[in-house]
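Notes for the one structure printed next.
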Amino acid sequence: MEEAKLAHVLVVTFPSQGHVNPVLRLAKRLASKGLLVTFSSTEEAGLMMKKATDNKASTSIPIGKGKMRFEFFSDDPDLNDPNHTDLDALMERLEKNGPKAVADLIDRQAKEGRPVSCVISNPFLPWVLDVATDAGIQTGLLWVQSCAVFTAYYHYCNDPTIKYPATLESEISVELPGMPVLAPADIPSFMLETNPYKSLTDVIVNQFKNIKKASWVMVESFMELERPIIEALEGKASLLPIGPLLKSPQDVESKTIRGDLWKSADCIEWLDSHEPGSVVYVSLGSVVVLDNEQLEEMAWGIKNSGRKFLWVVKPAPNENEKGLPEWFLKETAERGMVVPWCPQEEVLLHPSVACFFTHCGWNSSMESLCSGVPVVGFPQWGDQVTNAKFLADVFSVGVRVKADKGSLVSREEVERCISEVVGGPRAEEMKKMAIKWKEAAAEAVSVGGSSDRNIQAVVDDIKQKAANLHAIKVDNGVINDVCTIPLTN
């Protein structure tokens with residue numbers, strides 16, 4: 001179908017791997033249902049994607065009933081500044097330069113014959129909703145964390161009667177509607193007074209201040225997984241669970257469109273050479289960097305477990321971080337593989353993978369649930385600690401490591417947790433629960449499933465509002481004609 005006849009949606013994402021992946025998956029899903037979707041982030045993120053994948057910027061790619069394209073904006077970084085990628089610097093730069101850049105991007109679409117009908121953004125970019133609203137454009141939000149974490153932040157921002165712990169050592173626990181009791185170690189760390197990332201706390205609070213500007217708040221989750229939490233929020237915030245976004249049967253043709261910011265290593269052939277359920281997959285995400293002492297303890301624990309392993313370890317970011325010790329690489333060379341990045345979806349679906357040693361980012365959590373793989377949770381910060389709580393105690397698909405008083409997770413604890421999930425007394429039950437959630441996730445995104453119905457409702461709303469827009473022809477400031485733009489459903 002011609003682009004001019006498709007309602008046009010601009011999706012804008014924060015430029016980090018944990019945000020790019022779910023937003024790109026949403027973009028593909030929307031396109032498959034008959035929309036023209038432009039995926040956008042910073043130019044720097046765009047260059048990283050181009051190097052790591054085969055995505056072609058500005059080229060319309062047919063997906064299902066619609067099309068998808070890429071276009072990026074500059075946040076005007078000083079590339080000569082070695083600290084230009086620091087989180088605080090990035091947040092400040094986006095807030096300062098992002099609004100005009102995105103406004104210009106929207107204007108350019110109209111001038112090129114594809115006016116934007118709807119703008120969808122994700123957390124950490126609250127100003128995007130403001131830009132779109134000021135332009136009179138419908139807006140939506142994709143919440144890329146769990147409904148449980150949304151609930152925690154919603155009450156943190158809107159209910160001053162609830163007391164939250166100031167530190168991890170506090171004796172205050174938090175009870176929220178539809179949720180189990182959360183100890184200080186279970187609460188998103190950005191809500192603690194000791195949180196060092198104040199800029200992230202501020203931007204999340206700002207997101208909740210203008211969240212009512214969004215026509216819908218979509219969530220990367222599914223009703224069957226978080227029903228009590230979603231129902232407890234009714235009347236306060238209306239959430240539309242549309243996930244898991246990675247599990248759509250309609251997206252087979254778009255699997256070549258990827259959101260990786262780093263080139264993946266070829267590890268599938270190595271996995272093929274191992275027996276089913278024999279490999280421990282270890283990955284702590286794109287941001288977490290362990291210090292030398294913790295990395296050494298993990299290495300000892302993995303070695304002592306006696307299990308085969310695939311371990312994703314990004315190169316050390318500075319000279320103070322040594323990376324994996326040489327002795328470990330030599331002594332485990334015959335039963336392990338270490339890579340800087342890998343195609344995680346494919347890895348988790350591989351039959352040789354027995355468990356996932358994870359930082360519990362929400363993308364990774366959803367990928368493990370959708371793959372039917374039990375987990376060892378090793379959360380570090382932010383929403384990861386809440387996700388770990390739910391994976392272990394609510395979804396019952398794994399265990400969570402316990403740190404000593406100095407926050408170090410010992411080699412003995414690493415070994416114990418791996419052994420418990422792979423071969424302990426509860427291992428079989430954890431696997432059964434993981435398979436249960438895998439099947440529920442597949443049903444949710446199947447045609448007519450709970451998530452599929454929700455995303456179809458969003459698409460129908462976008463198309464209807466776009467069809468009702470009026471084109472106003474103006475010459476020298478005088479309105480000459482008003483007509484309805486016909487759009488094909």
Residue check, Asp260 against (1) modelled with pLDDT of 90 or more; (2) under 17 Å from the mean Cα position of the chain (by Cα); (3) not in a helix (DSSP H, G or I), all met but one. Which one? (1)
Among the residues of segment 180-211, write down those that are in contact with a helix residue (DSSP H, G or I) (Cβ under 6 Å, 6 or more places away or on another chain), surrounded by 17 or more Cβ atoms within 10 Å (Cβ to Cβ) and in a loop (DSSP other than H, G, I, E, B). Pro188
Looking at segment 212-246 only, could you name the residues that are assigned to a helix (DSSP H, G or I), under 19 Å from the mean Cα position of the chain (by Cα) and at pLDDT below 95? Leu245, Leu246
Without any contact (Cβ under 8 Å) to a residue 24 or more places away in the chain and acidic (Asp, Glu): which single residue out of Glu169, Glu95 fits that description? Glu169
If you check Ser58 against the conditions, is it at pLDDT below 85 and assigned by TED's automatic domain parsing to the domain that holds Ser74? yes
Helices (runs of 4 or more DSSP H) within segment 374-487 that include 3 or more residues at pLDDT below 95: 450-468
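Starting from residues that are outside any loop (DSSP other than H, G, I, E, B) and surrounded by fewer than 16 Cβ atoms within 10 Å (Cβ to Cβ), keep the ones in segment 326-348 and report whichever is nearest to the chain's Cα centre (by Cα). Break it down stepwise before answering.
Of all residues in segment 326-348, those outside any loop (DSSP other than H, G, I, E, B) come to 326-331, 336-339, 344-348.
Still in the list and also surrounded by fewer than 16 Cβ atoms within 10 Å (Cβ to Cβ): 326-327, 329-331, 346.
Numbers: Glu326: 33, Trp327: 35, Leu329: 31, Lys330: 35, Glu331: 35, Glu346: 17 Å.
Among those that are outside any loop (DSSP other than H, G, I, E, B) and surrounded by fewer than 16 Cβ atoms within 10 Å (Cβ to Cβ), it is Glu346.
Residue by residue through segment 188-216, note down the ones that are β-branched (Val, Ile, Thr) and either touching a Ser or Thr at 6+ places or on another chain (Cβ under 7 Å) or not assigned by TED's automatic domain parsing to the domain that holds Val144 (or both).
Here is the first cut: in segment 188-216, the residues β-branched (Val, Ile, Thr) are 194, 201, 203-205, 211.
Correct list: Thr194 only.
The values are calculated or read from the model by the stated rules, or taken from the named source; none is laboratory data. Since the model is a prediction, treat every value here as computed from it, not as a measurement. Note: ideal-geometry Cβ built from the backbone for every residue, glycine included; neighbour counts use all protein chains shown.
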